[in-house]
Structures are given as structure tokens and as C-alpha cells.
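Here the structure comes first, spelled out in C-alpha cells, and everything after it is commentary.
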Amino acid sequence: MTSHDPAPFDLVLKGRRVVLPDGMCEAAIAIAGGRIAAVLDPSAAPRGVRTIDAGDRVIMPGLVDTHAHVNEPGRTEWEGFATATRACAAGGITTVVDMPLNSIPVTTTRAALEEKRRASAGQTWVDHGFWGGVVPGNERELEPLVEAGALGFKAFLVHSGIDDFPMAEEGDLRRAMPILARLGVPLLVHAELEGEAPETAGDPRSYATYLASRPPAWEEAAVHRMVELCRTYGGPVHVVHLSAAGALDDVSRARAEGLPFSIETCPHYLLLAAEEVPEGHTEYKCAPPIRERDNRERLWKALVSGAIDLVVSDHSPCTPRLKLPQEGDFLRAWGGIASLQLGLSLIWTEASRRGATLSDLARWMCEAPARLAGLSHKKGRIAPGLDADFVVWAPDATFVVEPSILRHRHPVTPYLGRTLRGEVKTTILRGQTVYEGGVVRDEPRGVPLLGRGA
């Protein structure tokens, strides 16, 4: 294949700041059949092929968000595949993996996964996968779920918020984990073990009251337990949305032993602080809770050092009324933060102030999430043979988060009014533009990603 033979290529994407696995450089990316055919020096780029020149804008792999609650079927009034994946396209996310709860039915059986696949058909603007769930008594469903395409499994160690996805006790985990280890799929854990907490007698409109109700000791105890279980059964364990930095000591020891143990955190834990949450503003409520500034800084140090592997949204929306905006009651309002479209800009706004690089960003938000979901062979990097998924963005451009720009079903988010740095200009999915210049293209081009390595 030479620079004089354009026939094999459909498109060339070139720019002066292309984030490759080994660093950023000027490059031309040749695309054929929806995949990356070659990464070339611009001087060797084929002529006579449709070319997009990004100039000084950054070309990065399409983001991979492995933690989103799409809520369809059953609670489409909360979100839904069409609105969620349009938000993904606008935010530079080309792959999203849906969590198994808040939909009806929850994804704890093969039949439920097949129902979710039918619900998503024909209304997704980006590629998408599915996590299954571990709940009491469903261990016989785990292998059929993997056969049907589940990429791994989620379990709660505390009440999930909905009764049809009950928490997994230690015995449930001990029955499930040998199966998952044999199948080679990860167990994703909401790591809070309910223990002693102060009486919730404070003002329910005060964030401090809610914060005290879910102390960091709950997370620390849960991570400690999961390290022990990982050591026993040997399969990969992943802690979702880590909030309490104190739990990282156990993780460091586990990794020193060579255990397959990984950690994610989320934009809200890296940008927000408990001391700054306004009274009654329940759009800030999530579980585990947003903690204090000092804790936030410790999370940033862990992320930059590699002790935390990845950053994903934990997009968990609901209808506005469930946030109880008039009452402002943190104890009774639904917990969950909506930010699916904003992740790249949120993290870059803070990371750029802290000396992190564009390569760091690609590792946290593209490469590591793809690896968690078993999709590294096609997603998360700019390399020959992988899907031609890209986000082209302007890292120095700023914008204000207004309801009118959000593609989520409900523009309820703690980030309204914030000025963010880093603006997505174009999103390309398997060589096709799905978002450009503020417009999501009409045709839904997303496909399901069924099974690790598929």
C-alpha cells in the first residue's frame, strides 16, 4: 500500500496534534471500511482521497464511557438510548456501556439482555455494550448472559436504590466470582458496605447531613472485602465510582501482589467539593457522595500517578421531580448526576490546570475503559486495525454549560452555568461523522458490541 494508490482508502484524517498510543505528533490517519488502515507521516498521505484536515485541533480516539445508566426499557422518561447516545456523540464518546439497573427489567437474565438489545435497535448514535448484573440467586444466569453478549457484571454491596436489583451479600459474591473468573469477565462493584453512621437528625436541606450519612469508612471496608475476594478467586475486580481516597491504600497493596484489581472515578468527584454544594441543590446528590476538597486533591494525585485507572461519567439521570427541587431534601431525593455529554471538557478543564497531558486524558477516558470492557482490540486507541473512532476538539476553546446545548433528556446537572475548557467539534464513528459543529447527524449509526473480543 503506497501513497500513490488511494484506492484502498475511504478517508484521510490528518492534523498537527494526533494523540497516538506512544504520544502526540503530526500524523495522517488512513481509513478504509470503517477501520484505521494506516497511521502515516503527513508527507506520505495518499492523494485523491477525501481528506479532513483538523489543523491545530486535537485528534484523539473516540471516548469510551463504561458507566452510564440509559434506563431503557422501562424508565425511558428518565433517559433512553436515543437521547443518551446523541449526548454521547455531542461529547466525543463513540462507545458507551449501559449499566444493568434502572431499566425494567434489570439486566440480570439472558431474556432481559435480549429485551434491552431490542429496545436499543435502530436508535443509537454511537456503539454500545451492556453490563449484566449479579444479584442474589442469579448465578445460573451468568454464563448465558455472557453468551448473549454481556461484557461483564455489576454488583452492589449496599442497597442499589431500587428493589428489583438487590444488593449482593458475601455469599452471593462467593458463588458468582468463580464463574466470572472462569469466563474471564470482570466484576464491577459499587463498593459501599453499610456500617455505623451518625444519626441523620440534621437539616435535610444541608449537604453536610447527607455526606455524614455515607461516611468514607463504608467505601474503605467494601474495597478491603473485595481485595480479599479477588485474592481468593483470582478473577478481575473493578471498583466503580470511587469517592473515598482512603480506600486506595488497600488497592495499592493488591496491585503490588499482582491482583487484577482496577479503579475508576468520575468527574463529579474530581471537580466538585462538599464544602461548595449549595443548600437544597439536590442535583449534586450521588452515591457515594461528593466529599471534601482535601479528598478531591488526593483523588487527583492518585489519578495522575496511575493508582486510579480511568474516568467515566456514571451518568445517572432521572426525571426532574425525583430530585425534589422545591423541597431540596438531600435524604429523600433521587441520587445520581447527569454529565454524559460533558466528561471530556470537565476533566480537561481541571487536568490542564494540574499539568496533565492530552496523552493522560486519552489513557484515562479512551484506552483504559476499552480495556476494562474487553474492547481494546477495536476501541480506545488510534492504531491500525482498530475502529476509526475519533473526537476532534479544541482544547483551548471555552463554553458555558447551558440547558440548550445538552442532549440528555433532562438538563438537570450541577454543571449548569459553569465555563468549561475544551470543546468537541467533530465526532467520527467508524469513519462516519456523527456530530459536527453543534449538530448531531440524523442517521443513528451505532451498533451493539456483544461480547469481549467480538
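At a glance:
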{"item": "Nearest 10 degrees, 0 to 90: helix 293-305 Cα axis against the chain principal axis", "result": "40"}
{"item": "Per-residue [θ]222 nm for the chain (sum of -39500 (n - 2.57) over DSSP H runs n ≥ 4, rounded to 500)", "result": "-7000 deg cm²/dmol"}
{"item": "By average C-beta atoms within 10 angstrom, highest first, the peptides 292-298, 13-19, 277-283", "result": "13-19, 277-283, 292-298"}
{"item": "Fully extended contour minus Cα-Cα distance, from Thr319 to Glu170, at 0.36 nm per residue", "result": "50.3 nm"}
{"item": "Among beta bridges that DSSP assigns inside the stretch 22-113, antiparallel share in %, nearest 5", "result": "55"}
{"item": "Ala217/Glu77 FRET efficiency (R0 35 Å; Cβ-Cβ; nearest 0.05)", "result": "0.45"}
{"item": "For Thr51, distant residues with modelled amide H under 5 Å away", "result": "Val12"}
{"item": "Modelled FRET efficiency - R0 30 Å, Glu402 with Ile104, Cβ distances, 0.05 increments", "result": "0.40"}
{"item": "Residues whose placed amide H lies under 5 Å from that of Tyr435, excluding near-sequence neighbours", "result": "Thr427, Arg441"}
{"item": "Sulfur and carbon atoms: percent of accessible area, the chain [1.4 Å]", "result": "48"}
{"item": "Phi-based couplings in Hz for the stretch 427-432 (Karplus 6.51, -1.76, 1.60; Gly and Pro marked x)", "result": "10, 10, 10, 6, x, 10"}
{"item": "Extension gain, Ala383 back to Lys301 (0.36 nm per residue minus Cα-Cα distance, nm)", "result": "26.6 nm"}
{"item": "In nm, spacing of pseudo-spin labels at Glu276 and Glu443 (7 Å Cα→C-beta vector)", "result": "4.3"}
{"item": "Cα-based helix-to-principal-axis angle, 216-233 vs the chain, degrees rounded to 10", "result": "70"}
{"item": "Label-point gap, in nm, between Arg418 and Arg332 - each point 7 angstrom along Cα→Cβ", "result": "2.8"}
{"item": "Karplus-derived HN-Hα couplings along the stretch 13-21 (A = 6.51, B = -1.76, C = 1.60, θ = phi - 60°), whole Hz, x at Gly and Pro", "result": "10, 9, x, 8, 10, 9, 8, 9, x"}
{"item": "Candidate lysines - alpha carbon under 18 Å from Lys425, same-chain residues fewer than 8 apart omitted", "result": "Lys14"}
{"item": "Helix 81-90 vs. the chain, principal-axis angle (Cα, 0 to 90°, nearest 10)", "result": "60"}
{"item": "Length added when fully stretched, Glu436-Arg117, from 0.36 nm per residue minus Cα-Cα", "result": "112.1 nm"}
{"item": "Surface per residue (accessible, 1.4 Å probe) for the stretch 11-53, Å²", "result": "50"}
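The values are calculated or read from the model by the stated rules, or taken from the named source; none is laboratory data. From a predicted model like this one, the values you see are computed outputs, not experimental measurements. Note that each Cβ is placed from the backbone with ideal geometry, even for glycine, and that neighbours are counted across all protein chains shown. Calculation scope for accessible area: heavy atoms of the full protein, side chains included, ligands and nucleic acids excluded. Shrake-Rupley method; radii C 1.70, N 1.55, O 1.52, S 1.80 Å.
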